[in-house]
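Engineer: Before anything else, here's the structure in question.
What follows is calculated from the coordinates using simple rules that are stated; it is not laboratory data. Every value quoted in this text rests on a predicted model; they were computed, and no experiment measured them. Because the Cβ atoms are built from the backbone with ideal geometry, glycine has one as well, and the counts that use them run over all protein chains shown.
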Amino acid sequence: MTSSTDFHKLSEDCVRRFLHSVVAVDDNMSFGAGSDTFPTDEDINALVDPDDDPTPIITASASPRIESTKSKAKVKNHPFDYQALAEAFAKDGIACCGLLAKSFNVEERDIITASSHKADITILDWDMQSDSGQFAIEIIKSIIVSDINSGGRLRLLSIYTGEHVTAVITKLNNELKKTYRSVIKNDDSIFIEDNYALEQWCIVVISKDVYEKDLPNVLIKKFTNLTAGLLSNAALSCISEIREKTHGILTKYNNKLDTAYVSHILNLIKSKESRAYAYENAHDYAVDLISEEIRSILQISENLKKSLSKNSLSHWPIFHYAKNGCKNFLLTGKKQKDLSVEHLRNILSADSLEEIQHAIEHASLGKKEYLSQDGEEDKKLMQLCSLEITRRSLRYHSHIDNVSLKQGTLLLDAYNFVYLCIQPLCDSVRLHEKADFLFLRGTLDDNNYNLLIEDEYGGFYKIKMPAKASNIISFSFGVENGNGVIIGKKNNLVNTDYISFVPLLVEKISTPKVLKWIGEIKTTYAQKITTDIVANLSRIGLDQHEWLRIKSKDI
């Protein structure tokens, strides 16, 4: 077995642990290969009451002919054995839900869309009620809209059909191309390339020549092709671990603890200092409690450790090399140079410090060089760095309608000035009528920047944010009655289709300053920037003898 297949197998194991639920939709579904197909309304109406049917006289020349219900029923083409599929998925601990399509209306379409929203894989028949795929297309379009509105997701959707695969995928792709830039890959899969919410979407068309009992393995391999990678495997392992431990968490945090939790709320209410926001404080207490429980589970997860182990890392280079057209890796520093797969693998698989040093020297690996393929290192590095510091961004949260102003909020004005809120979290709540907020002002700068956050189009806001006291600025905001916080909204006083904050006017004759919400960085990063400002403020300048000052630098 090669390293490429080794890594694919490790990735497939992550997928099998992750997959939890599947929904399958067909209009000709049976419960077991030997059972009859579901009867149609015509079949039911054709049944004769035994009391109304005269008993036939049996003669020697006429022996009774026994007909099964199936022979009387209208047997459709391309039946679907749900029982075989459900049993095959169950072997991997995956629950499979079967929905018999029968109404083919908007209500049924919405029911299928809702069930698909919570399913890891969705399976659709193509030619339902001999409509040449029309209902399946309507379902797919509905699921697409639902996924876009929710901010996007990874999605594997399978068309399981008795029709010719090429004809089905061509018709479906032509239909999707009316709205999206969809492309056919590997002759059986459709990907959508012009919408970030659908960039991890895959529609795969599979012939019913593949038996139901074999379909799960085919779909698991297709899902693995979508997700195989180091960080993606780690993410799958994290979610799998949480899913497996969910009921254990519920055992710990059970309803018998309610009185203790309410006691906490009562003590908050009794205190005059915390009374006004007792419920918000109690909410934060519960969130911290449960999130730390989840964090501790992940930190000791063996499956998570396995997904990022040295073994996994050592198999990754050849897998990535083969998957991306057998192109060599590139190291980019002061100049660009090739890094062979063998050299990279030797570095990642080396055991001793001496072996690591030898592999680094043999590969001529410098200190400030960055790995890439096809020279796209900048965008991928920026994306990962953005994910590292970002709590919320327009890329993944464009569907939300309002946010509160707090430490870490980033706002952009019409002159490309960026404002980072550095107000302490405790001073961002329990507000009355009017409140002043502190910001650190920076600028958009494509060349010199220390903050990155993704925009709504997949690009980046590159922000130069010097931690200098001279860049501190204050804005005043009005507090809505009963909220106690500053809320940014779409169409906030001015006609904007984005979330904005509008500070109070300094003078009544001036034009309102509209500040566009572009995201929020994590609290720890906002606090670090604030600490750097404080460190700059605490510097002390002395009129010191130059000889001693220079000598002191060496100590």
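Engineer: Can you give the FRET efficiency for Ser271 and Asn402, using 1/(1 + (r/R0)^6), R0 = 30 Å, r = Cβ-Cβ distance, to the nearest 0.05? Provide the component values of the computation, followed by the final result.
Structural biologist: Working: r = 30 Å, r/R0 = 0.98.
Here the calculated transfer efficiency is 0.50.
Engineer: The chain: longest stretch without exposed chymotrypsin sites (Phe, Trp or Tyr not before Pro) (DSSP loop, at most 11 other Cβ within 10 Å), sites themselves excluded? The partial results should precede the final answer.
Structural biologist: Working: sites that count: Tyr415, Tyr457.
By the stated rule (loop sites, at most 11 other Cβ atoms within 10 Å), 1-414.
Engineer: Would you please name the trypsin sites (Lys or Arg not before Pro) within region 230-319 that are DSSP coil residues with at most 10 other C-beta atoms within 10 Å of their C-beta? It would help to have the intermediate numbers written out before the result.
Structural biologist: Values: sites: Arg243, Lys245, Lys252, Lys256, Lys270, Lys272, Arg275, Arg295, Lys305, Lys306, Lys310; in loops: Lys272.
Sites meeting the loop and neighbour criteria: Lys272.
Engineer: Quick one: which of Lys171/Lys327; Lys252/Lys272; Lys185/Lys208; Lys490/Lys528 span more than 26 angstrom between C-alpha atoms?
Structural biologist: Numbers: Lys171/Lys327 34 Å; Lys252/Lys272 32 Å; Lys185/Lys208 20 Å; Lys490/Lys528 30 Å.
Distance filter (> 26 Å) returns Lys171/Lys327; Lys252/Lys272; Lys490/Lys528.
Engineer: Nearest 500 deg cm²/dmol is fine: what mean residue ellipticity at 222 nm does the chain get from its DSSP H runs of n ≥ 4 alone, each adding -39,500 (n - 2.57), divided by its residue count?
Structural biologist: Values: 19 runs with 224 residues, N = 555.
-12500 deg cm²/dmol, from helical runs alone.
Engineer: If R0 is 35 Å, what FRET efficiency do you get for Asp532 and Cys97 from their C-beta distance, rounded to 0.05?
Structural biologist: With a Förster radius of 35 Å, E is 0.10.
Engineer: For region 122-195 and region 387-406, write down the distance between their C-alpha centroids in whole Å.
Structural biologist: Taking the Cα centre of each part, region 122-195 and region 387-406 sit 30 Å apart.
Engineer: May I pose another question? Evaluate the relative contact order of the chain (contact order divided by residue number), counting alpha-carbon pairs under 8 angstrom at least 6 apart; express in whole percent. Display every interim value, and only then the final one.
Structural biologist: Working: 799 pairs, mean separation 60.5, N = 555.
Computed over the chain, the figure is 11 percent.
Engineer: Neighbour counts of other C-beta atoms within 10 Å: give me Glu342, Glu361, Glu163 arranged from fewest to most.
Structural biologist: Values: Glu342 14, Glu361 9, Glu163 19.
The most exposed by this proxy come first: Glu361, Glu342, Glu163.
Engineer: Let me ask something else about it. Ser158's amide H: which non-local residues (gap 5+, or another chain) put their own amide H closer than 5 Å, with H modeled 1.01 Å from N in plane and none for Pro or chain starts?
Structural biologist: It is Thr122, Ile123, Leu124, Val204, by chain and number.
Engineer: So if I place +1 on the C-beta of Lys and Arg and -1 on the C-beta of Asp and Glu, and nothing else carries charge, what would the dipole magnitude of the chain be about its Cα centre? I want it in debye, nearest 20. Don't jump to the answer; show the numbers that get you there.
Structural biologist: Numbers: 66 positive and 76 negative charges, 508 e Å.
It works out to roughly 2440 debye.
Engineer: Lys/Arg Cβ at +1, Asp/Glu Cβ at -1, dipole of the chain taken about the Cα centre: which of Gln383, Leu452, Ala322 is farthest positive-ward?
Structural biologist: Leu452
Engineer: Turning to a different aspect of this structure: Only one of the values (i) 115, 66, 45; (ii) 68, 63, 45; (iii) 130, 67, 51 was calculated from this structure for Cα extents along the principal axes in Å; name its label.
Structural biologist: Of the listed options (i) 115, 66, 45; (ii) 68, 63, 45; (iii) 130, 67, 51, (iii) comes from this structure.
Engineer: As an exercise, identify the GluC sites (Glu not before Pro) in region 415-467 lying in DSSP coil whose Cβ has no more than 16 other Cβ atoms within 10 Å.
Structural biologist: Details: sites: Glu433, Glu454, Glu456; in loops: Glu433, Glu456.
Qualifying residues, ordered by number: Glu433, Glu456.
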